[in-house]
Structure formats: structure tokens, C-alpha cells
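What follows is a single structure, written as C-alpha cells, with notes after it.
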2 protein chains.
Amino acid sequence: MAAITIRDVAAEAGVSIATVSNAFSGRKAVSPEVVRRVEEVARALGYQKNIAASQLRTGRVKVVGVLVPSLVDTFFASLVSDLEELAEADGYQVLVATSGDNAEREAAQLDALLGWKPSGLIAVPCTNAIPDTLRREMATLPIVLVDRIGEEDLPVDTVVVDNHAAGHEAAQHALEMGHREILIAASVAGLRPIAERIRGITEACLSATVTPRIVELGTDVEEGAARMAACLARDGHPTAVIAMTNVTTLAALTAFAQVGIDVPAEVSLVGFDDYAWMTARRVPLSAVRQPIADIAQSAWSCLRARIAGSGDQPARLVLDAPLQCRSSVCAPRAVQGAA
Amino acid sequence: MAAITIRDVAAEAGVSIATVSNAFSGRKAVSPEVVRRVEEVARALGYQKNIAASQLRTGRVKVVGVLVPSLVDTFFASLVSDLEELAEADGYQVLVATSGDNAEREAAQLDALLGWKPSGLIAVPCTNAIPDTLRREMATLPIVLVDRIGEEDLPVDTVVVDNHAAGHEAAQHALEMGHREILIAASVAGLRPIAERIRGITEACLSATVTPRIVELGTDVEEGAARMAACLARDGHPTAVIAMTNVTTLAALTAFAQVGIDVPAEVSLVGFDDYAWMTARRVPLSAVRQPIADIAQSAWSCLRARIAGSGDQPARLVLDAPLQCRSSVCAPRAVQGAA
DNA sequence: CTGCCACAGTAAAACGTTTATCTGATGGCG
DNA sequence: CGCCATCAGATAAACGTTTTACTGTGGCAG
């Protein structure tokens, strides 16, 4: 039951293996009659080209690696899904790996990914620090970094969202509605994009002489909900919460539900990311919408260009993440009363 | 700028390539001193083993393919994520492919996956029909089919949920609360697991002389919400809705929110699957909880056993999907009034 | 001292492709 | 009619690794 190789097809079709190869790739003329026969035989035998052998010979292969922190986080899942679609449309296959927000595992997955000698790599690093392996590959392999970029002058293309503006806009909205007690629900405050969002919020608050509080909820919903509840119990609850990721949005909401705090009557909420569940509620969430499709599109274009040999200066794409105003932010009670 | 190969390492370390290979694999004794030197040189040079070459030579490779309909559907994303973790723990790499619920694309992705000559495959078919390629591979490749199994006597291991019981339990719950007008929100009624769930519901209803209605919402949330809204407008709204997937749960909820129907005051809802967003609400959802971790675990164990050469009869694992009673189902108004 | 075995390491073949180079055959054209 | 170009197809080398079979070199028992 040995696997069927090109040799078997050649024998069965009564031609040489070179002819079979050419018949499939079409890079040398083969008579239509022979092509037909080869294809028929291949189908009958259930022949499948061995990609490993093919790529070993050619050196190149239409495969790109994609490394993200997690597939359970809808943001990354959507990103991967979009990238996969774009890649497939261009005839590329995608190798997905997840780091689980763990630097060690990230390094291991990266090694595994690179072992396939892909023609490019799109990665969302799990910390601000770029893994050594990755840094070394930057010299030779087309790479696009997305979302979590901790440094400024990287020698590769990067695609990020304007986190500062997003934070600023979210805070502005809350402030305009009259909120003065604002709590920032961060995942990990040290992460560059999160830090940027926080900076945007803080700056907006500064002009209104408001000092937001910050609570770190981590990257797990359950854990985050517990921490949020603890924070609420300890410090009393603010009039508005601005969540920094979809996971913290969920964590905050879970805590509110557990404690019985109503949104938006008792606390206003600005969420992050924009998913179906956010609008599938009596009070749809106002949230900062990250343009996932655009992010994927940009990242893919950059990578394509690099793979095609572009020697342009590394691009640093910054996309807008506009606020979607819906119904989860309203004036706080004090203001309502005064009005 | 040619890639670094084992040859470069061998030259630099002053040994033969065979020795380098053995130093890494450890399958032949190499003096500790040489091992150390080889490892050091490899690190210094940034050597990465070419998996393609390796697998070409050995024929086998610790890689398994995973094929799911979509990564945007949290059910599948979680499944893939769990499988990845299990595989990694056993030293396997996972190749992920998505079919997008499209039979043609499924076939293409399957071909691509098999081109890597993985040592096993875990697949969630996108229709009841098993693709030809897959059927043919069943004879030789370790395969585990999950979730969407359209046929009975497959020659491979399968892992499914007891969909009939799940449907029955959900319906029972609604009936006990006094509901008589029940609407089933199906994705695609023809899909085997969905059909089973519907059958479970219908049978439970039968004993209460209730005839549930059915609406098909598809696999996309937006589209589904529109169809649900249309159904509500056309036929009036039932007292209880039982959703058949997490996507239809979301679609139903979206429609309710748009039309302004309150859950559970105006309509009760039994959801499907169990995700964070379902409990992050004022009224947490009662839902059928699919044991994703167990599904992944079972599928992986089966595959491991097959890869290890087990010749057992094909197993047909059926897992329980118990109902999580929370707050989205309560007595319908008529009954409340009568009480 | 001789034969034998264990040990450390090497040479070379093989995996399934692709592709550069080669071979005949056919036909066009001067 | 001879020559060259064109074409379909074949041969064989190469890709980077693993692994089998081999070569020396010591050590040790007889």
C-alpha cells in the first residue's frame, strides 16, 4: 500500500516522469493527448503530488506562515480567517500556529513554522519583545508584523491600528456624555497597543481634568471577570468603563451581570472590537471597531509585494479604528439628575 | 544568502553530515564533545532543519491535518485550539484548513492538506456527503471524523455529540415551563447533527401534542438575523425559540434586539453551545453545552491510537451535551396569567 | 600476538519532485 | 536534397535529509 508517486503515474501512462511533471505544471509543451491520458491515469490512481518533494526541489513553495496568540480570541480568529481567504485567492496555502500568549511556545512554534521554509510570514507577536528567531529571519524572509508592535524602527512592514486615536475617541465620547469617573479595563497594560490606547484615553481625560483608573484583567475571560468583580467591590464602581480588548469587554460585562449592575443605567461601557454578540443585546454596545478585514488586506498586500521581491522601505501602516456609537453609553446619574 | 543546510553545519563543525544528523536525532551514539560543538555551530549559524527534506526521506512526519468549516464560528475555533494543544503536547504539528462551508473548497483544501502527507487527519465535513478524496484516503490514512457525520457505518473513528438527546432535553425544558408555541431556529435543517437535534425536539413535543415550527437561518449571523426577523414578522412570534447552533442563537438574539422583543419576558430562548458572551448578560442564556474539550480529547486519542497502528474496529464515540439551565427560559405569559 | 567486538565517525544511497540538457523525429525553406 | 528550427519526449542531476553499510581505531580476552 505504498503511496502513489509520479513514477507510478508515468509507468501507467507509458511516459517518462518528466513528461508527467510537465503535463501538470504546463511549463513545457506536452501534446494534448498525453496530457489527457496523464490526468486520467492520475485521477484513477488517486495520485497526489508530494509537496515536500516538490518544495525540496524548487526551494520555494506557495506557503505562508501565520502566527497569532490565540484562535479563541475572535479578533485573531477573524484575522486568520481573512488572511486565509486572501492567501487562497492568490494560490497560497496558510500554515497557522498559535503561541497561547506564551513567549516560549511562541519561539517553538516559530521554529516549527520556519522549518517548512515558507515564502513569507505574518505574525502577531505575543509580547513587545520580538523573538530572536524572528529578528534574525527579518533579514532574509518576507515578514509582516501585525497589531502588537513594541518597537519603532523595525526592518519589516508593520500593520497596526491607530490605538492612540481610538483610545482618545472612546474617552472623548464618555467625557462628552458627562462621565468623570472612568475605569479602564486593560488586558495587559504593558502591551504596546494597550499602552497606546490608555495613553489616548489619559490625554483626552487630562483636558477635562479627569484621572482615569486602570485595572488589569489579563487575557482570559473568567479570570478577568473575577478581577473586575474584585475591583468593583474594592473601589466602588465608576460611571463609565472603557474596555481595551474584546476579552476585557466580555470580562467586564460578565462581572456586571454577576454583581447585578445594569448597563447603561448604572454604568456606561465602551467596548473594544465589534462582534455579532455585541449587537445581539437589548442594549447594543458602543465599541471601537477594529477594521479586521482591512488589517488582513493590508498585511497580505505587503507580504505579496515582498515575496514578489519589492525592496521598498519598510512600510508602517496605521489604520483607523473608529468608534461605533450605539446604546451602552449614556449620561451618568448625577448629570441626569442635574439636567 | 542561500539557506543554511546541514552541510554548512557539518563543514563548520568539521564533521560529516551524517554525524550532524545523528547528533540531533540521537539515534546513533555521538561523542558528547562533538554533540556540543555541533549544537553550538548550529545555533551560531541559525540552522533550521528543512522539514520537507526530512519528511521526504523518512516518509513519515509528525504532522496532522485538521479541516473545519470555519474559524469564525467559535465552536470550531475552540475545537481547533484544543486539538492544537493536545497535538503539540505529543510533539505533533497541526495543519489547519477551512472549507468555508463550501464543498468545492473543501475538496481543494483536502487535496492541499494531503499533499503534505500528514500522518493523520481530523475533519469536520461541511456537508453530509463525504468528499471522494477523503473516502479514498480512509483506507490508508488514520482519520477521525467529528461532528458532522452523515452516514452510519463509516470505516473510520467518529466523534459526535448525542444530538437527539440534546434536542430532546432542550425541548423538554421548554415544555415543562409551559411553552406550546415553539420555534426551532436551525442553521441548515438537512445537516445530520441539526436534523438529529430537530428530531429530538420533535419527539419530545409529540408527547405533549405540540408541533414545533422550523426556520432555517443559514450559517451567517447577519443573514440569519434578517431571516429570523422576517419569520417573526410573517408568522408572529412564538413563546419559545430553540436555537440549533451558536450562530443561530446569535442570529435570533440579534433579531429580537432589532425588533425589540425582550428575552425572556416576551420570548424564551434556549441557545446552543456555551460561550462567554452567553453569560455576560443581564439574563444569562440557558443553552445546550457541547463538551468541546472532550470532543477534542476523544478525537485526538482516537487518532493517536490509529497512528500508532491500532487495528481496532472503527469507534463511534457519542458524547453528552447537557443543558445548562440559566435564566432565558421562563413560563410564557399565558401560563403566568393563569397561575 | 591475534582475533573480535565496541565505538565513533564517514560515505553514499535513497526519498519524489523539477528542470537543464539531450535525443529523435518532423517539417519548412533555400 | 540538405540543413536548421521546432517539437515531444526522455535522461539524469539536484534539492536536504536520514539511514544503511562501511572504515578505522582501541581495548580486551584468549
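Of note:
- Scope region A:63-82; condition at the interface with chain B (Cβ under 10 Å from one of its Cβ atoms) and closer than 30 Å to B:ALA53 by Cα; matching residues: A:VAL63, A:VAL66, A:SER70, A:LEU71, A:VAL80, A:SER81
- Residues in region A:1-42 that are exposed (fewer than 11 other Cβ atoms within 10 Å of the Cβ) and within 14 Å of another protein chain (Cβ to nearest Cβ) were compared, and the one that is farthest from DNA strand C (Cβ to nearest atom) is A:MET1.
- Qualifying residue in region A:69-82 (condition: more than 14 Å from the chain's Cα centre (by Cα) and either assigned to a loop (DSSP other than H, G, I, E, B) or in contact (Cβ under 8 Å) with a residue 12 or more places away in the chain (or both)): no
- Residue in region B:101-116 that is assigned to a loop (DSSP other than H, G, I, E, B), under 16 Å from the mean Cα position of the chain (by Cα), more than 11 Å from chain A (Cβ to nearest Cβ) and touching a residue at least 40 places away in the same chain (Cβ under 8 Å) present: yes
- B:ALA305 being within 25 Å of the chain's Cα centre (by Cα), aliphatic (A, V, I, L, M) and within 14 Å of chain A (Cβ to nearest Cβ): no
- Spans of helices (runs of 4 or more DSSP H) in region B:236-339 with at least 1 residues closer than 24 Å to A:GLU222 by Cα and of a type in the set (Lys, Arg): none
- Residue check for B:VAL146: in contact (Cβ under 8 Å) with a residue 40 or more places away in the chain and touching a strand residue (DSSP E or B) at 6+ places or on another chain (Cβ under 8 Å): yes
- For A:VAL270, the criteria (1) within 12 Å of chain B (Cβ to nearest Cβ); (2) touching a His at 6+ places or on another chain (Cβ under 8 Å) hold in every case but one, which is (1).
- Pair list, Cβ under 6 Å, 6 or more apart: region B:1-25 residue among the charged types (D, E, K, R), other residue near DNA strand D (Cβ under 6 Å from one of its atoms): B:ARG7/B:ILE17
- Of the numbered criteria (1) within 23 Å of B:ILE143 (Cα to Cα); (2) crowded, with 20+ Cβ neighbours inside 10 Å; (3) more than 9 Å from chain A (Cβ to nearest Cβ), the one B:GLN55 fails is (3).
- Within region A:1-25, being part of a loop (DSSP other than H, G, I, E, B), within 19 Å of A:SER54 (Cβ to Cβ) and more than 11 Å from DNA strand D (Cβ to nearest atom) holds for A:ALA2, A:ALA3, A:ILE4, A:THR5.
- Residues located in region A:83-100, provided they are outside any loop (DSSP other than H, G, I, E, B), more than 7 Å from every other protein chain (Cβ to nearest Cβ) and closer than 17 Å to B:GLN109 by Cα: A:LEU83, A:GLU85, A:LEU86, A:ALA87, A:GLU88, A:ALA89, A:VAL94
- Residues considered: A:LEU134, A:LEU141. Of these, the only one that is assigned to a helix (DSSP H, G or I), touching a residue at least 12 places away in the same chain (Cβ under 8 Å) and either closer than 19 Å to A:VAL66 by Cα or within 14 Å of chain B (Cβ to nearest Cβ) (or both) is A:LEU134.
Only the coordinates and a few stated rules stand behind these numbers; no lab work does. Remember, it's a predicted structure, so these values are computed and weren't measured experimentally. Positions of Cβ are backbone-derived with ideal geometry, glycine not excepted, and every protein chain shown enters the neighbour counts.
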